[in-house]
1. Give the residue, chosen from Tyr362, Tyr380, that is within 11 Å of the ligand (Cβ to nearest atom), open to solvent by 40 Å² or more (accessible area, probe 1.4 Å) and within 25 Å of Glu293 (Cβ to Cβ).
2. Does any residue of segment 1-22 turn out to be closer than 20 Å to Ala163 by Cβ, modelled with pLDDT of 95 or more and within 20 Å of the chain's Cα centre (by Cα)?
3. Being surrounded by fewer than 19 Cβ atoms within 10 Å (Cβ to Cβ), over 17 Å from Lys263 (Cβ atoms) and among the charged types (D, E, K, R) is the filter here; which residues of segment 315-350 pass it?
4. Which of the numbered conditions does Cys261 fail, given that it passes all the others? Conditions: (1) touching a Phe, Trp or Tyr at 6+ places or on another chain (Cβ under 6 Å); (2) assigned to a helix (DSSP H, G or I); (3) open to solvent by less than 20 Å² (accessible area, probe 1.4 Å).
5. May I ask you to verify whether Ser176 is open to solvent by 30 Å² or more (accessible area, probe 1.4 Å) and modelled with pLDDT under 95?
6. If you scan segment 179-224, which residues turn out to be under 24 Å from Val85 (Cβ atoms), open to solvent by 50 Å² or more (accessible area, probe 1.4 Å) and in a loop (DSSP other than H, G, I, E, B)?
7. State the number of residues belonging to segment 319-368 that are within 20 Å of the chain's Cα centre (by Cα) and either acidic (Asp, Glu) or not in a helix (DSSP H, G or I) (or both).
Amino acid sequence: MDFSLTPEHELIRESAHKFGQTVILPGLRERDREAKSDPDVLRKMGEAGFLGVCIPQKYEGMGADYISLGIVCEELERADTSIRVVLSVHNGLHSMTILQWGTEEQKKRWLPDLATGRRVGGFALTEPNAGSDASNQKTTARREGDYYVLNGQKAWISLADYADQFLVVCRLAETSAKAPYAAFIVDRNTPGFSSRAIHGKLGVRAGNTGELFFQDMKIHKDDMLGGEGDGFKIAMCALDHGRYTVASGAVGIIDACLDACVKYANDRTVQGEPIGKKQLVQQMIASMVQGREIGRVLYYKVGWMKNTGQRHTKECSMAKWVNCAAAFDAANKAVEIHGAYGYCDEFPVERYFRNSRGAMIYEGTHEIHTLMQAEYELGYRSDKPLKHMLPTWPFAG
Ligand code: CAA
């Protein structure tokens, strides 16, 4: 077993860390207060190559391995969750799913623009009545000649107002396929498409979330990923990538909590000594360190499984489940250590507390992952070979 990171991994960590400090953090408190995204950050992420980290160079990506994507998520979420969400949706749920399921023609058509940030991709699975019960899709696709006509509504969609195209999962109105689902890449400029932002979120306020509406939207059959009947599996594969980015990003929240708490515990004195000398504060710091170290091992393992072409749904669910809970716990402790200062946005820890709560809901709730882990152990669930696997790394060609 080799646990060492390569010099390329270290380099990418350093450049992502610098990007967080110099591009994401300035003005973040105001953006979070005003619930505003900064499209300039997205543009700079594209220029830096972060929007195509593990997309092969032949599709204009950086060509780095899947562990590198995790490292970028960790470092960018150390600065802000809303930016890691961009990586989850654009890189994980959208681009990597095209890389896994697209035909060569589709990959050539879509990946170069996505990998460079010329276009931004989103993911549309969730509906008002299809959250954990993801197969309860009410959005329908009805075949008409060379087209499918889409009607329906999606909810809680990240980048709803920004993404140029969405991976949309829906139910086929008529099909002979056993599982009546399909997945399409849908351009937001298609007639019949509209979006609306959701306001008043507890966290991830500097990020855009909204609803999508499809009214008699005609999508060409060539824009379908996989075939009729593959839609649900494609959605689940997408989540294997999205959950990986959430799990690695969660470690970044713990890093950020430790950054803030170590500084505060050394600066703040009570009864003539820094509060870092108090054992109950030390206990909380130690618990955060524990979460960070376990979290890294869990996500590095998933990255390695992706690199080596293994099914990893179980391990990815585990990493997401454990790391998001550890991040929320760390953020809660960080507020505790900061006392009253942790309760206002003069210090960043209240933002970590609000942001880390969301990750226990999206990309599979804490309860869904609890059930999945129990089902694997009881023998009720297993990961079977797939029709299309993610390409192994190093990439061919
Ligand atoms: N990869 C490929 N195939 C998979 C798979 C995976 N990861 N997981 C399941 N499948 C396959 C199964 O093998 C099965 O195939 P067969 O029919 O051939 O046997 C098929 O898909 C159905 O699988 P299940 O029986 O597991 O389906 P289920 O209905 O019992 O699913 C569930 C249960 C796992 C809980 C699933 O519904 C689920 O993950 N729910 C949570 C949904 C979720 O995470 N939503 C997040 C939305 S995105 C988001 O939040 C991002 C954002 O923008 C904020």
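The values are calculated or read from the model by the stated rules, or taken from the named source; none is laboratory data. Here the structure is a predicted model, which means the values were calculated and not measured. Reconstructed Cβ throughout: ideal geometry from the backbone, glycine too, with neighbour counts over all protein chains shown. To get the accessible areas, we keep the full protein, side chains included, count just its heavy atoms, and leave off ligands, DNA and RNA. Shrake-Rupley method; radii C 1.70, N 1.55, O 1.52, S 1.80 Å.
1. Answer to the selection: Tyr362.
2. No, segment 1-22 contains no residue that is closer than 20 Å to Ala163 by Cβ, modelled with pLDDT of 95 or more and within 20 Å of the chain's Cα centre (by Cα).
3. Correct list: Asp329 only.
4. Unmet for Cys261, out of (1) touching a Phe, Trp or Tyr at 6+ places or on another chain (Cβ under 6 Å); (2) assigned to a helix (DSSP H, G or I); (3) open to solvent by less than 20 Å² (accessible area, probe 1.4 Å): (1).
5. yes
6. Within segment 179-224, Arg188, Asn189, His199, Gly200, Leu202, Arg205 meet the criteria.
7. 9
Residue-by-condition table, conditions (1) more than 16 Å from the ligand (Cβ to nearest atom); (2) more than 15 Å from the chain's Cα centre (by Cα); (3) closer than 22 Å to Val335 by Cβ:
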| site | (1), (2), (3) |
| --- | --- |
| Ser287 | yes, yes, yes |
| Gln290 | yes, yes, yes |
| Ile294 | yes, yes, yes |
| Tyr299 | yes, no, no |
| Asn307 | yes, yes, no |
| Arg311 | no, yes, no |
| Cys316 | no, no, no |
